[in-house]
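Below is one structure, written out as structure tokens; comments come after it.
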Amino acid sequence: MSDPRINKVLAAAKKFVDEGYTEGNDNDTIFGKWYGKEFNHQPWCAMFVSYCFDQGGAIKLIQAQSKKGFAGCNLGLSWFASKGMLVPVGDAQPGDIVFFDFDDNPKTSEHVGIVYVNQKILRTLVTFEGNTSVAGSQSNGGGCYKKKRPYTKVVAVARPWK
């Protein structure tokens, strides 16, 4: 991919990971406040992704729910699927959006992040994610982290870059 915004989106996500950003009480985040007052204090992984795309100048590519992107995993996943933007997990590239299944229901997604590296030989994706944890809840964990996720936990990969 050659879109220069990809590096800007990744840099925005990496900044929060490097800073060790964590939520305040009851899912209070800058991402929820940015997305809309009524969305603060909600699970915020999708709003983290949307915020990073906004900071990277690419928000128009992911306007699944509003002009600010999407706030829910399944809503975002459905929108990307309806637009024909899904690619096989093995083809994931930096800047793609990855949807995860942590409750063993492959028809739904409980979490979303941004692909940083595809480790094809290891069948894992290295990602930047918000509202996850080091240990504990991976879909509502409270911080921004760089994660390694096996392909087996991936519901879908969306490529908004055209």
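The values are calculated or read from the model by the stated rules, or taken from the named source; none is laboratory data. No experiment lies behind these values; they were computed from the predicted model shown. Cβ atoms come from the backbone with ideal geometry, glycine included; neighbour counts cover every protein chain shown. Accessible surface areas use protein heavy atoms only, side chains included; no ligands, DNA or RNA. Shrake-Rupley method; radii C 1.70, N 1.55, O 1.52, S 1.80 Å.
Some notes on this structure:
- Within the accessible surface of the chain, defined with a 1.4 Å probe on protein heavy atoms only, the carbon and sulfur portion equals 51 percent.
- Under 20 Å of direct C-alpha separation, and excluding same-chain neighbours fewer than eight residues apart, residue 120 reaches these lysines: 146, 147, 148, 153.
- DSSP-loop trypsin sites (Lys or Arg not before Pro) across the range 1-93, with at most 10 other Cβ within 10 angstrom: 67
- Whole-Hz couplings from phi, Karplus 6.51/-1.76/1.60, listed for the range 130-141; x for Gly and Pro: x, 6, 10, 8, 6, 9, x, 4, 8, 10, 7, x
- The H on the amide N of residue 42, modeled in the peptide plane, is under 5 Å from the matching H of no residue at least 5 residues off or on a different chain.
- Sequence-separation-based contact order of the chain, relative, with Cα cut under 8 Å and 6+ spacing, percent: 25 percent
- Note on the range 8-150: dipole from Cβ charges, positive end direction compared against 143, 31, 119; the farthest Cα belongs to 119.
- Reduced Cα scattering model of the range 54-157, Debye log10 I(q)/I(0), q = 0.14, 0.20, 0.22 Å⁻¹: -0.50, -1.08, -1.31
- Student exercise, the chain dipole from Lys, Arg, Asp, Glu Cβ charges, in Debye to nearest 20: 600 debye
- With the convex hull constructed from alpha-carbon coordinates only, the range 1-67 shows a mean projected area of 4.7 nm² over all directions.
- Couplings 3J(HN,Hα) of the range 149-162, computed from phi: 10, x, 3, 5, 8, 8, 7, 6, 10, 10, 10, x, 7, 10 Hz, in residue order, whole Hz [Karplus 6.51 cos²θ - 1.76 cosθ + 1.60, θ = phi - 60°; x for Gly and Pro].
- For the range 7-110, the mean projected area of the C-alpha convex hull, equal to one quarter of the hull surface, is 7.1 nm².
- Annotation: peptides 19-30, 111-122, 143-154, 44-55, ranked by per-residue average of other Cβ atoms within 10 Å with the highest first, follow the order 44-55, 111-122, 143-154, 19-30.
- Applied to the range 12-18, the Karplus parametrisation 6.51 cos²θ - 1.76 cosθ + 1.60 on θ = phi - 60° returns per-residue 3J(HN,Hα) values of 5, 5, 4, 4, 5, 5, 4 Hz, with x for Gly and Pro.
- Heavy-atom accessible surface of the chain, averaged per residue, reaches 47 Å², computed with a 1.4 Å probe.
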